[in-house]
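These notes concern the structure reproduced below.
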Amino acid sequence: MDMSTANTDLPPSSGKTNFLKTCFNGINALSGVGLLSIPYALSQGGWLSLIVFMAIAVICFYTGLLLQRCMDSSSLVNTYPDIGAHAFGRKGRVIVATFMHLELYLVAIDFLILEGDNLHKLFPAASFRLGALRVSGKQAFVLAATLAVLPTTWFSSLNVLAYVAAGGALASLLLIAAVLWVGVFDGVGFRERGRLVRWDTMPSAMSLYSFCFSGHAVFPMLYTGMKDRKRFPMVLSLCFIVSTLSYGLMGIVGYLMYGDTLKSQITLNLPSASVAAKVAIYTTLVNPLAKYALVVAPVAEAAEGALGVGKSAPLRALVRTVLVVGTAVVALAVPFFADVVGLTGALLSCTATMLLPCLCYLKVRSKIGGDKGMGLETAACLAIVAIGTAIVGLGTYSSVKQIVRKL
């Protein structure tokens, strides 16, 4: 998921966005870092896991519509935490905000791990000194990336949103094109058979798939910011169709190219000498650097609000610096991209995209007297809650187990 548009506190009506711009922002919210790990996810689940992938896409599209219905039931609801508050009062707001901010924070950590892995592939021999310490390899690059993004987090104004969104969508296209190029022209070919199904690692495939379709923190903002709100279902379906196709294409192509030898990010499998591979890696590197500040901003704003330092610029910069240093510490301590993304997908994305929308919707519906017993809609919501709970449980367990094993 790319939370690049996830500053959910933007003023909604300053400039209403048209249909196309909203689509751009929506596609950008859905397609991002997940593109790199989708081939690995497919290799973990086998070909049959594509059915699970499609099911998760359909469920996340439906729960996106449920969020819209929650918003339509009250004019006071503008953000995802507002939906939580509308359904379950103050408790609901705190729970939704906590999951949302934790997810964004983990995405920021994923960004740094990604930078470290890919820069290390480009420059395997690099190292530098910090006083008496010699830092080399991935650690050196995680630190370098942290220093590069730190100043970008000190600015509160986020007017670069649409510009970054267009860049994000372009980067995704470039990445798919570069990987295809390596397969077709650089002699890698599409000869791997892959496996039909892998039950033992299916939970990690499900977690990674859930991570791909997590844009729900952003949907309320896109909806309130639209000129013509009636067309939101159209926007949502377009965003999901485009991102499902690009994820699916990348997954299938990557799995046919590298089969069971796939690494956590497809860029790490590409031949180092190939120009297309370099394009893919550089594209991958630019994206998180541009988006890191956007992802951390809502977390920083929440922390500043809680500490009451919103007015003081030096204190705000201090809070943001502490947050950034925190992401670097975790990225250095747990540098396992697929497992951290899997944990994010299972524990946080899945909760935010499957459990919370259904629970909030059922509660809001019963409040406004639309509760008609056990209809098809109620059954669908309860089924999604059951599936979501299973993914949260199995996926979190398998990711944590992998991380503990590797530490």
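The values are calculated or read from the model by the stated rules, or taken from the named source; none is laboratory data. All figures in this text were calculated on a predicted structure; none of them were measured in a lab. Every residue, glycine among them, receives a Cβ derived from its backbone with ideal geometry; neighbour counts consider all protein chains shown. In case anyone asks, the SASA skips ligands and DNA or RNA and just uses the protein heavy atoms, side chains included. Shrake-Rupley method; radii C 1.70, N 1.55, O 1.52, S 1.80 Å.
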Quiz item: Is one or more of the residues making up region 85-97 farther than 27 Å from Thr284 by Cβ, of a type in the set (Gly, Ala, Ser), within 18 Å of the chain's Cα centre (by Cα) and assigned to a helix (DSSP H, G or I)?
Solution: yes
Quiz item: Listed residues Gly326, Gly310, Gly342; which is open to solvent by less than 50 Å² (accessible area, probe 1.4 Å), over 26 Å from Thr389 (Cα atoms) and modelled with pLDDT of 95 or more?
Solution: Gly326
Quiz prompt | The one condition in (1) under 17 Å from Leu119 (Cβ atoms); (2) surrounded by 20 or more Cβ atoms within 10 Å (Cβ to Cβ) that Met250 fails to fulfil | solution = (1)
Practice problem: Give me the pairs, please: first residue somewhere in region 134-147 and under 15 Å from Ala290 (Cα atoms), second residue anywhere and among the charged types (D, E, K, R), beta-carbon distance under 7 Å, and either six or more positions apart or on two chains. | Solution: Ala145/Glu115
Exercise. For region 185-230, enumerate the residues that are open to solvent by 60 Å² or more (accessible area, probe 1.4 Å) and under 26 Å from Leu348 (Cα atoms).
Key: Trp199, Asp200
Self-check item: Selected residue (only one of Gly251, Gly259 is out of contact with any Ser or Thr (no Cβ under 8 Å at 6 or more places or on another chain), part of a helix (DSSP H, G or I) and modelled with pLDDT of 95 or more)
Solution: Gly251
Quiz item: Inside region 73-105, can you point out the residues that are under 27 Å from Leu332 (Cβ atoms) and open to solvent by 30 Å² or more (accessible area, probe 1.4 Å)?
Solution: Thr98, Phe99, His101, Leu102, Tyr105
Quiz item: For region 323-358, how many residues meet the condition of being closer than 18 Å to Leu394 by Cβ and among the aliphatic types (A, V, I, L, M)?
Solution: 10
Exercise. Quick one: which residue in Gly393, Gly369 is of a type in the set (Gly, Ala, Ser), outside any helix (DSSP H, G or I) and either open to solvent by 20 Å² or more (accessible area, probe 1.4 Å) or more than 26 Å from Lys263 (Cα to Cα) (or both)?
Key: Gly369
Quiz item: Just one of the numbered conditions (1) out of contact with any Lys or Arg (no Cβ under 7 Å at 6 or more places or on another chain); (2) surrounded by 17 or more Cβ atoms within 10 Å (Cβ to Cβ); (3) under 23 Å from Met100 (Cα atoms) is not true of Val182; which one?
Solution: (3)
Exercise. For region 115-224, please list each of the helices (runs of 4 or more DSSP H) lying entirely inside it that holds at least 1 residues being under 24 Å from Ala328 (Cβ atoms).
Key: 137-149, 161-185, 202-212
